[in-house]
Amino acid sequence: MLFYLIGGWIFTFKFSLEDAVKELRPQLCYQCMKCSSGCTAAKVVNNYRPHEIVALVKAGYSDELINSDVIWACSVCLKCVEYCPQRVSPFEVVMALRNESIARGRVPPKSFVEMAKSVLKVGHIQEPMYIMSKDFEEVSRMELGLPEMPKPKDFEKFKQHVLLVGFEKLKEVIRV
Amino acid sequence: MVEDEEVRIGVYICHCGLNIASVVDVKKAAEEVSKVPNVVVAKDYQFMCSQPGQNIIIEDIKQHRLNRVVVAACSPRMHEPTFQKAVERGGLNPYLFEMANIREHCSWVHEKEKVAATEKAIKLVKAAIAKARLLKPLKREKVNVIPRALVIGGGIAGIRASLDIANAGFEVHLVETRPSIGGNMARLDKTFPTLDCSQCILTPLMVEVSRHPNVTLHTYTDVVNIDGSVGNFKVKLLKKPRYVDESKCTGCGTCITKCPWTAPSEFELGLGKRKAIYFEFPQAVPLIPVIDPEHCMYFQKGTCRACEKFCPTKAIDFNQKPEEIELEVGAIILATGYSLYDVAKAMPEYGYRKYKDVITGLELERLVSATGPTKGHIVRPSDGKEPKKVAIILCVGSRDEKHLRFCCRFGCVAGIKHAYYIVSHIPDAEVYICYRDIRTFGKGYEEFYERIRNYENIKFIRGSPMEILQDADGSLYFDVFDANTNRIVTLRPDLVVLETGIVPHPTFKEVAKILKCAVGPDGFALELHPKLRPTETSVDGVFLAGAVQGPKDIPDTVAQAGAAASSVIALMSKGYVETIPYVSSINEDLCSGCGICQPLCAYDAISLVKKEDGKQVAKVDIGKCKGCGVCAAACPSGAAQQLGFNDEQILAMVRTLTR
C-alpha cells in the first residue's frame with residue numbers, strides 16, 4: 001500500500017487524462033457504485049461521487065469536470081482502488097482530471113491551494129504544529145496531545161524532488 | 001493395391017462464389033497445375049462443395065481412373081469431411097484425398113495482391129499434389145463400447161443423468177463423495193421461480209435412483225484413478241469406511257440418539273450440530289449413518305461404543321477398512337457441481353465469519369428449512385432473535401476482476417427468493433436488496449421478480465456496499481450509494497445475507513487431473529464447443545452435466561444432464577466408436593525404447609512395453625491418441641510417425657513450397 005501510495009503520487013502528477021482513459025479503462029465500469037458507497041470524501045462532500053466522475057469521463061464530459069471544484073474533494077484514501085471490481089481506479093481518473101485542470105492553468109479551490117503552499121513552505125500539507133479543521137480553523141496538536149510531526153531533514157533537497165515529480169506547473173498556477 | 005498403380009491425380013479448384021475467384025485467378029491456377037506430373041485432370045468450379053461439384057469428382061474418379069484427389073478451396077476444418085465422403089462414394093479410400101486451403105490462407109488475406117495471391121495459390125495446390133502422391137489408404141478402427149456408464153457426483157445433475165441412462169436400459173454406477181446423494185439442491189428450502197419445495201421434488205428422484213435396478217450407488221466413495229479411453233475406461237474407486245455394515249443397518253437411527261458426542265454439521269454449513277455418528281440429513285439416501293472418527297470418542301480415546309451397544313441389528317463395525325472397487329465403463333459423466341466462493345478469506349471487507357450475523361444465501365436456506373438447525377425459524381446466529389431488518393447483497397465475489405470474473409447466474413433470483421423467505425416468515429421485517437444489475441433471464445424469472453417488487457417492505461437499492469462495519473454495541477452497519485435516489489444510505493441491518501459467487505467443487509480438480517480433460521480459465525470444465533458441443537469434453541467419452549461446466553441454475557443443470565445422458569446412450573446404443581485414422585504409429589524396428597515420447601503425450605496414449613524378444617518399445621493406444629503429432633516431432637529416430645502426416649509427406653510439401 002505504501003509503495004502504491006508513493007508510486008501513485010509520482011505517477012499521477014504526470015498522468016494525462018488521455019492516458020487515464022486509455023490505461024485505466026473507465027469504459028469497463030459497469031456502475032456497481034461500490035466506490036461511492038465506501039468513499040471517504042463522499043461522506044462529507046455531498047456532490048462528490050467517484051462512480052459519477054468515471055461515468056462522466058466515459059461519456060465524454062471531462063471538460064465539465066476539469067472546470068469544476070468537485071474533483072478536488074478526493075482525500076486519497078485509495079479504498080476505491082482497492083475494491084473496484086473492474087480495476088478501474090476512480091482515484092487515478094480523478095488525479096488525471098486534476099493534472100489536466102492544472103495544465104490548463106485553472107486554480108484549484110482555496111483549501112487545496114493552501115495545502116500545496118504548505119508543502120512547498122514546510123514540507124507538510126499543513127503546519128505540523130496545527131491541524132486544520134474542515135472550516136479552516138487551526139487546532140493545536142499539542143492541545144490534542146499529539147506528538148510533533150517530523151519535518152524533512154534536508155528541506156531544499158525535498159523541495160527539488162517535489163518539483164521534479166511535476167509540482168512546478170501547480171506552483172506556477174497558484175503563484176507561490 | 002494403390003502402391004503398385006500409376007498415381008493419377010484429379011485437382012479441383014473452387015471459386016467459392018467470389019470468395020476465392022475475386023482474388024485468385026482460378027482458371028490460370030487450374031491450367032498451371034494441370035502441367036504437374038501425375039495430374040490427369042485439373043478443373044475449376046464455382047462451388048465444389050455443392051452436389052454438382054461433388055458429382056464432378058465422383059464422375060472423374062470413374063472416367064479418368066483417378067486414385068488421388070486434391071481440392072483447393074476453404075479450410076479443411078470446413079469441408080474436408082464433405083470431400084472425403086465424395087471420394088468414398090467415388091470408390092476410393094477417403095484418405096486418398098488432400099485439401100489445399102486457398103481461401104483463409106490466401107484469398108481472404110491477400111485481397112489487394114491479386115497476382116501474388118494467384119502465385120501463392122498455385123504453390124499451395126502444388127504442395128498438396130506433392131503430398132497426395134505419397135498418400136496411403138488409412139483405416140478407421142472400431143472400438144467396442146462397454147455398455148456401462150460412470151457418473152461422478154450425486155447432485156441433481158448426476159441423479160438426473162443416471163436415471164436417464166438407466167431408463168434407456170444401460171447400467172450406471174453413480175459415485176458420491178458424501179455419505180448421501182442430493183448435493184447442494186438438498187440444502188435448498190424452495191426453488192425459484194415457482195417456489196416449490198426443493199426436497200419435495202428432489203427426494204423422489206433420490207429414492208428412484210437408489211432403487212433403480214440398473215443403478216449401483218457408491219456413496220462416501222472417491223474416484224482414485226481412471227485409465228483407458230472411450231468405450232473402455234478402467235475406473236478405480238475408494239469406498240471410505242462408514243464403520244456401519246450397510247447390509248445389516250435398517251436406518252432406525254437408535255445409534256444417533258444414543259451417541260453422546262457432537263460436531264458441527266457439514267450439511268448445515270456449520271450452523272447446526274450433528275452427532276459423531278450421523279445421517280447426512282434426515283432424508284439421506286441411502287439412510288445409513290456414518291461414524292466420523294475425528295469426533296468419535298471410541299476412535300479418539302478407546303471408550304464409549306454406545307452406538308454398538310444399542311444397535312438392534314449389530315451393524316456397527318469399528319474394524320471396517322477402506323474398500324477398493326474396480327469398474328470397467330464405456331463412458332463417464334462429470335457432474336461434480338459447485339461449492340461457494342470462500343468470501344471469508346478472499347473478501348474480509350464483508351466480515352463473513354468475523355461477524356456472526358453475516359451469512360451466505362445457502363446458509364439462509366438452511367435457516368428456513370423445516371429440517372434445518374432452527375426448524376425453519378429465521379433467527380440471527382448471534383443471539384437467536386428474529387431479524388427485523390435484513391440486507392441482501394448480490395454479486396459478492398462475482399463479476400469481479402479480482403475474484404470471480406463471471407456471473408454466478410442464480411444469485412439475483414436467489415436473492416429475490418431470499419427476500420421472499422424473510423417477508424413470508426417475518427411479515428413486519430424490512431428487506432433491502434443491494435444490487436448492481438438484476439438479471440432475471442430464465443423462464444418465469446422476470447415474472448417472479450415482478451411479484452416480489454410488489455412487496456412494500458422489500459426495497460431495491462441500486463448499489464453495492466464497499467464494506468460492512470460493526471458499531472461499539474456490536475450492531476452491523478454499512479453505507480451504500482443508491483443510484484436510484486442518488487443518495488448514500490446508511491443501513492443498520494440485524495442480518496446480512498451475502499449472495500456469494502461459486503467455484504467448481506474441489507473434487508473436480510482431482511478428477512480433471514486424472515482424466516487430463518481441459519479446464520477453462522475459471523477452473524470449470526471446458527466444453528468442446530461453447531455453443532454446439534456444450535456437454536462434451538476434450539476427452540472422448542467423457543461428458544459434462546451441470547455446474548461442473550460453469551454456473552447453472554437447476555433448470556439448466558437438469559437440461560444439460562439429460563443432454564449428457566443422451567450422448568452416453570447414443571454411444572452405447574451404437575455399441576462401437578470409430579477412431580480417427582491420423583494417429584501416431586511406431587515403427588518397432590526403429591524404436592529404441594528411449595521413452596522420450598511418453599511423458600510428452602498430453603493424452604496419456606503412449607506406454608513403454610517389452611516385446612517378446614525383450615526389446616523395449618513405445619506403444620500407442622489408438623483409442624486415446626488425438627493425432628497431435630508431438631511424439632512424431634520429438635522422436636529422435638523417426639520411429640514415431642503420424643499417419644496421414646508422416647515425415648515423407650510433409651517434407652515433400654516443404655520441398656515443393658521452397659522450390
Exercise for the section: List the number of the failed condition for B:Leu138; all other conditions in (1) touching a Cys at 6+ places or on another chain (Cβ under 6 Å); (2) closer than 30 Å to B:Ile332 by Cα hold. Expected result: (1)
Practice task
Give segment B:292-351 a look and list any residue that's closer than 27 Å to B:Leu237 by Cα and among the β-branched types (Val, Ile, Thr), or say none.
Solution key: B:Ile316, B:Ile325, B:Val329, B:Ile332, B:Ile333, B:Thr336
Handout entry: Residue selected from segment B:171-186 under the condition out of contact with any Phe, Trp or Tyr (no Cβ under 9 Å at 6 or more places or on another chain) and surrounded by fewer than 24 Cβ atoms within 10 Å (Cβ to Cβ), by the criterion farthest from B:Glu326 (Cα to Cα)
Key = B:Met185
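Look through B:Gly415, B:Gly372, B:Gly376 and report the one residue that is assigned by TED's automatic domain parsing to the domain that holds B:Arg462, in contact with a Phe, Trp or Tyr (Cβ under 8 Å, 6 or more places away or on another chain) and of a type in the set (Gly, Ala, Ser). Give the steps one after another, and end with the answer.
Working: B:Gly372 fails: in contact with a Phe, Trp or Tyr (Cβ under 8 Å, 6 or more places away or on another chain); B:Gly376 fails: in contact with a Phe, Trp or Tyr (Cβ under 8 Å, 6 or more places away or on another chain).
Among B:Gly415, B:Gly372, B:Gly376, only B:Gly415 is assigned by TED's automatic domain parsing to the domain that holds B:Arg462, in contact with a Phe, Trp or Tyr (Cβ under 8 Å, 6 or more places away or on another chain) and of a type in the set (Gly, Ala, Ser).
Any residue that is among the polar types (S, T, N, Q) and closer than 30 Å to B:Thr579 by Cα - is there at least one of those in segment B:201-214?
Yes - at least one qualifying residue is present in segment B:201-214.
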Practice task
Mind telling me which of the residues B:Ala419, B:Ala346 ends up being closer than 30 Å to A:Ser89 by Cα and of a type in the set (Gly, Ala, Ser)?
Solution key: B:Ala346
Exercise for the section: Could you tell me which residue of segment A:82-102 is surrounded by the most Cβ atoms within 10 Å (Cβ to Cβ), considering only residues that are part of a helix (DSSP H, G or I) and within 14 Å of chain B (Cβ to nearest Cβ)? Expected result: A:Pro90
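Is it fair to say B:Val69 is touching a residue at least 60 places away in the same chain (Cβ under 8 Å) and buried (at least 18 other Cβ atoms within 10 Å of the Cβ)? Give the derivation first.
Details: touching a residue at least 60 places away in the same chain (Cβ under 8 Å): yes; buried (at least 18 other Cβ atoms within 10 Å of the Cβ): yes.
Yes.
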Handout entry: Neighbours by Cβ (under 7 Å, 6+ apart or cross-chain): first from segment A:61-77, crowded, with 17+ Cβ neighbours inside 10 Å; second hydrophobic (A, V, I, L, M, F, W, C) and part of a loop (DSSP other than H, G, I, E, B)
Key = A:Ala73/A:Ala41; A:Ala73/A:Val45; A:Cys74/A:Ala41
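Here's the yes/no breakdown for (1) modelled with pLDDT under 90; (2) of a type outside the set (Val, Ile, Thr); (3) outside any loop (DSSP other than H, G, I, E, B); (4) under 22 Å from B:Val577 (Cα atoms):
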{"position": "B:Val609", "(1), (2), (3), (4)": "no, no, yes, no"}
{"position": "B:Val617", "(1), (2), (3), (4)": "no, no, yes, no"}
{"position": "B:Lys624", "(1), (2), (3), (4)": "yes, yes, no, yes"}
{"position": "B:Ala633", "(1), (2), (3), (4)": "no, yes, yes, no"}
{"position": "B:Gln649", "(1), (2), (3), (4)": "no, yes, yes, no"}
Exercise for the section: Within segment B:346-369, track down each residue that is assigned to a loop (DSSP other than H, G, I, E, B), touching a residue at least 40 places away in the same chain (Cβ under 8 Å) and not hydroxyl-bearing (Ser, Thr, Tyr). Expected result: B:Met347, B:Gly351, B:Asp357
Problem - Matching option when the condition is among the charged types (D, E, K, R), closer than 22 Å to B:Leu134 by Cα, surrounded by fewer than 21 Cβ atoms within 10 Å (Cβ to Cβ) and touching a strand residue (DSSP E or B) at 6+ places or on another chain (Cβ under 8 Å), among B:Glu31, B:Glu6, B:Glu80 - result: B:Glu80
Completion exercise
Of (1) out of contact with any His (no Cβ under 6 Å at 6 or more places or on another chain); (2) farther than 18 Å from B:Val33 by Cα; (3) in contact (Cβ under 8 Å) with a residue 12 or more places away in the chain, B:Leu150 satisfies every one except (1)
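So which of B:Ser584, B:Ser592 is buried (at least 19 other Cβ atoms within 10 Å of the Cβ), in contact (Cβ under 8 Å) with a residue 40 or more places away in the chain and out of contact with any Phe, Trp or Tyr (no Cβ under 9 Å at 6 or more places or on another chain)?
One residue alone meets the criteria, B:Ser584.
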Practice task
Evaluate segment A:40-55: report whether one residue or more is polar (S, T, N, Q), without any contact (Cβ under 8 Å) to a residue 24 or more places away in the chain and more than 13 Å from chain B (Cβ to nearest Cβ).
Solution key: no
Exercise for the section: At least 2 residues that are closer than 30 Å to B:Ile181 by Cβ and within 36 Å of the chain's Cα centre (by Cα) in each: list the helices (runs of 4 or more DSSP H) lying fully within segment B:56-167 that qualify. Expected result: B:156-167
Practice task
Select, from B:Asp437, B:Asp471, B:Asp482, the only residue that is under 28 Å from A:Tyr48 (Cα atoms), free of Cβ contacts under 8 Å to residues at least 40 places away in the same chain and within 38 Å of the chain's Cα centre (by Cα).
Solution key: B:Asp437
Practice task
Of the conditions (1) assigned to a loop (DSSP other than H, G, I, E, B); (2) within 21 Å of B:Pro555 (Cα to Cα); (3) more than 14 Å from chain A (Cβ to nearest Cβ), B:Cys408 clears all except one; give me its number.
Solution key: (3)
Exercise for the section: Kindly indicate which of B:Ile393, B:Ile433 is surrounded by 20 or more Cβ atoms within 10 Å (Cβ to Cβ), within 13 Å of chain A (Cβ to nearest Cβ) and outside any loop (DSSP other than H, G, I, E, B). Expected result: B:Ile393
Practice task
Can you confirm whether segment B:41-64 contains a residue that is basic (Lys, Arg), under 22 Å from B:Lys123 (Cα atoms) and in contact (Cβ under 8 Å) with a residue 60 or more places away in the chain?
Solution key: no
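Are any of the residues in segment B:493-512 among the small types (Gly, Ala, Ser), within 11 Å of the chain's Cα centre (by Cα) and away from chain A (no Cβ under 14 Å)? Explain how you work it out, then say what you get.
First, pick out the residues of segment B:493-512 that are among the small types (Gly, Ala, Ser): B:501, B:512.
Applying the additional criterion that residues be within 11 Å of the chain's Cα centre (by Cα) yields B:512.
Still in the list and also away from chain A (no Cβ under 14 Å): B:512.
Taking every residue of segment B:493-512 in turn, at least one turns out to be among the small types (Gly, Ala, Ser), within 11 Å of the chain's Cα centre (by Cα) and away from chain A (no Cβ under 14 Å).
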Exercise for the section: Examine segment A:21-28 for a residue that is surrounded by 15 or more Cβ atoms within 10 Å (Cβ to Cβ) and not in a loop (DSSP other than H, G, I, E, B), and state whether such a residue exists. Expected result: yes
Problem - Filter result for the condition that a residue is more than 28 Å from B:His403 (Cα to Cα), more than 10 Å from chain B (Cβ to nearest Cβ) and modelled with pLDDT under 90, over A:Ser68, A:Ser16, A:Ser75 - result: A:Ser16
Practice task
Scan segment B:320-345 residue by residue and report those that are part of a loop (DSSP other than H, G, I, E, B) and either out of contact with any strand residue (DSSP E or B) (no Cβ under 9 Å at 6 or more places or on another chain) or among the basic types (Lys, Arg) (or both).
Solution key: B:Lys321
Fill in the blank from the handout: Exactly one of B:Gly415, B:Gly351, B:Gly372 is surrounded by 17 or more Cβ atoms within 10 Å (Cβ to Cβ) and within 14 Å of chain A (Cβ to nearest Cβ), and that one is B:Gly351
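The values are calculated or read from the model by the stated rules, or taken from the named source; none is laboratory data. Note that this is a predicted model, so its numbers are computed, not measured. Reconstructed Cβ throughout: ideal geometry from the backbone, glycine too, with neighbour counts over all protein chains shown.
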